[in-house]
Amino acid sequence: MTYCVGLCLKEGLVLLSDTRTNAGPDNIASFGKMAVVAPGDRVIAMMSAGNLAVTQAVVARVTEGQGIAPGEPMNTLLTVRTMHEAAELVGAAIKHVFQTIAPSFNQQSFYDASIILAGQIAGDRLRMFHVYAAGNFIEATTDTPFFQIGETKYGKPILDRVAGYDTPLEDAVKLALISMDSTLRSNFSVGLPADLLVYRIDTQQVAVRQRITDEDPYFKQVRWQWSEALRRAYRDLPTPPWLT
């Protein structure tokens with residue numbers, strides 16, 4: 001399992017993904033789940049959840065052209081003209097990988113993949129998409145500015161209560177970290193390190209790309225202060241009137 005969260009806001013993007021793929025008392029593996037293309041005229045990032053063989057094949061196909069037949073157009077995230085074309089490319093790649101790899105597997109257990117695709121190409125607007133296993137996708141809007149994939153339920157409440165399209169990037173980073181921390185505390189199948197990306201709109205360059213570990217001083221401070229704030233809020237709640 002995994003947890004990835006992306007916020008597409010007025011000021012830009014905040015993306016955060018964990019790196020745990022296999023969880024068990026004696027079998028834990030880590031793989032980065034964020035891929036970034038930033039050649040100068042665009043910044044496009046992908047975060048993936050699901051079957052690792054599927055998602056790695058999809059990422060390789062859309063970033064490097066691996067698996068594209070000699071007669072096919074060499075279309076990648078480096079060549080698409082708009083973010084909508086990028087979403088169509090990723091959706092087609094998921095379907096292609098499924099058609100070529102999955103027939104030898106049980107479809108229900110094997111075909112589990114979803115991707116958050118976000119970024120901006122010069123001349124196009126900032127956009128974020130959630131691409132599903134079937135290859136179809138939906139786009140983030142000002143009403144719904146965040147997407148989650150993987151183990152989503154633990155980190156969702158703080159986003160539902162606070163996250164909005166006008167949320168400043170600095171606050172969005174805090175929300176993403178709190179959302180990740182809530183998931184880490186409640187689900188062993190999600191684990192650090194985590195990969196953070198921040199992109200400011202219309203810059204075509206990554207503002208922050210950071211790997212966050214257990215020893216990261218800022219993340220440790222956020223975890224501690226958030227826990228203390230929750231404890232204070234709990235203690236400050238009024239006593240139930242039917243118990244007095």
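Only the coordinates and a few stated rules stand behind these numbers; no lab work does. In this text, all values refer to a predicted model and were calculated from it rather than measured experimentally. Virtual Cβ from ideal backbone geometry, glycine too; neighbours counted across all protein chains shown.
How large is the dipole of region 89-231 about the Cα centre if only Lys and Arg carry +1 and Asp and Glu carry -1, each at its Cβ, rounded to the nearest 20 debye? All intermediate terms of the calculation are to be shown ahead of the outcome.
Details: 14 positive and 16 negative charges, 32 e Å.
So the magnitude is around 160 debye.
With +1 on each Lys and Arg Cβ and -1 on each Asp and Glu Cβ, how big is the dipole of region 3-214 about its Cα centre, in debye rounded to the nearest 20? If you can, show how the numbers build up before the last one.
On the way: 17 positive and 21 negative charges, 20 e Å.
Charge dipole, region 3-214, about its Cα centre: 100 debye, nearest 20.
Compare the Cα positions of Gly123, Ala60, Leu78 along the charge dipole of the chain (+1 at Cβ of Lys, Arg; -1 at Cβ of Asp, Glu; about the Cα centre) and return the one farthest towards the positive end.
Of Gly123, Ala60, Leu78, it is Ala60.
Please give the length that would be gained between Asn136 and Arg211 if that part of the chain were fully extended, namely 0.36 nm times their separation in residues minus their C-alpha to C-alpha distance (nm, one decimal). Don't skip to the end; give the middle numbers.
Working: separation 75, 0.36 × 75 = 27.00 nm, distance 3.02 nm.
Computed gain between Asn136 and Arg211 is 24.0 nm.
Relative to the longest principal axis of the C-alpha atoms of the chain, give the angle of the C-alpha long axis of helix 169-186, reported between 0 and 90° and rounded to the nearest 10°.
Approximately 80 degrees, to the nearest ten.
With viscosity set to 0.890 mPa s at 25 °C, what whole-number translational diffusion coefficient in µm²/s follows for region 136-244 from Stokes-Einstein and a Kirkwood radius over Cα pairs?
Numbers: Rh = 16.1 Å.
Reported coefficient: 153 µm²/s.
In degrees between 0 and 90, to the nearest 10, how far off the longest principal axis of the chain does helix 83-101 point, with axes built from Cα atoms?
Approximately 70 degrees, to the nearest 10.
For Thr141, what is the net charge nearby, where nearby means another residue's Cβ is under 13 Å from its Cβ and Lys, Arg count +1, Asp, Glu -1? List each step's numbers first, then the result.
Details: positive: Lys10, Arg125, Arg127; negative: Glu139, Asp143.
Spelling it out: positives minus negatives among the neighbours equals +1.
Can you tell me the orientation of helix 52-64 relative to the chain, as the angle in degrees between its alpha-carbon axis and the longest Cα principal axis, to the nearest 10?
With both axes taken from Cα atoms, the answer is about 60 degrees.
Between region 1-71 and region 168-182, how many Å separate their Cα centres?
First find each Cα centre; the distance between them is then 19 Å.
Please turn the phi angles of region 204-211 into ³J(HN,Hα) values with the Karplus equation 6.51 cos²θ - 1.76 cosθ + 1.60 (θ = phi - 60°), one per residue in order, whole Hz, x for glycine and proline.
Listing the rounded values in order: 6, 8, 6, 7, 9, 9, 9, 9 Hz.
Taking the dipole about the Cα centre of the chain, with the C-beta of Lys and Arg at +1 and of Asp and Glu at -1, give me whichever of Val206, Met1, Ile158 is farthest to the positive side.
The one lying farthest along the dipole's positive direction is Ile158.
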